[in-house]
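First up is the structure itself, then whatever we jot down about it.
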Amino acid sequence: QVRLVESGGGVVQVGDALTLSCALSGDTFTGYGMGWFRQAPGKEREFVAANNWLTRYGNSVEGRFTLSRDNSKSMVYLQMNSLTPEDTARYYCAAVPRSQYDLENRPSSYPYWGRGTQVTVSS
């Protein structure tokens, strides 16, 4: 029932900024905690950021990325600044019912996922 669609990925240069968007449909947006994960070829899926009542960030993006959400539009955003080649990955939006949210930020905790949007940072 819940569907997530990411957008905003692209090719940028080192030091650039980019904002990703994710739209939720099929259920009430405010009932879900929202997360962003990323995965590069040959690597594990990595926690980037998540918001339930408060917002948390992965160590590798703390201070550079900002998660925000617009409940009136059922949208969650990821503002990415000071991008480096290590940020190159496919970025996924994920949703979890608020009652099931935990602070471990494991991908397996999120039952709903988008198809991802590619971010490539060239040097």
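The values are calculated or read from the model by the stated rules, or taken from the named source; none is laboratory data. A quick note: this is a predicted structure, and the numbers were derived from the prediction, not measured. Because the Cβ atoms are built from the backbone with ideal geometry, glycine has one as well, and the counts that use them run over all protein chains shown. These accessible areas exclude ligands, DNA and RNA; they are computed on the full protein's heavy atoms, side chains included. Shrake-Rupley method; radii C 1.70, N 1.55, O 1.52, S 1.80 Å.
Across MET75, MET34, the residue with the most accessible area heads the list, and the full order at a 1.4 Å probe is MET75, MET34. In this entry, the chain is assigned a mean projected area of 7.0 nm², taken as a quarter of its C-alpha convex hull surface.
Once all protein chains are placed together, TYR77 keeps about 50 Å² accessible to a 1.4 angstrom probe.
Highest-first packing order for the peptide set 95-106, 20-31 is 20-31, 95-106, based on the mean count of other beta carbon atoms within 10 Å. Taking every C-alpha pair closer than 8 Å and separated by at least 6 residues, the mean separation divided by the residue count of the stretch 31-105 gives a relative contact order of 39 percent. Hey, how many Å between the Cα centroid of the stretch 50-65 and the Cα centroid of the stretch 82-97? Between the Cα centre of the stretch 50-65 and that of the stretch 82-97, the gap is 11 Å. Qualifying GluC sites (Glu not before Pro) in the stretch 10-99, where qualification requires a DSSP coil assignment and no more than 11 other C-beta atoms within 10 Å, comprise GLU44, GLU62. Phi angles across the stretch 57-72 convert, under the Karplus curve 6.51 cos²θ - 1.76 cosθ + 1.60 with θ = phi - 60°, into 3J(HN,Hα) values of 10, x, 4, 6, 10, 3, x, 10, 10, 9, 9, 9, 9, 10, 5, 5 Hz, Gly and Pro given as x.
Taking amide H positions as modeled 1.01 Å from N, with prolines and chain starts lacking one, the residues under 5 Å from TYR32 and 5 or more places away or on another chain are ARG98.
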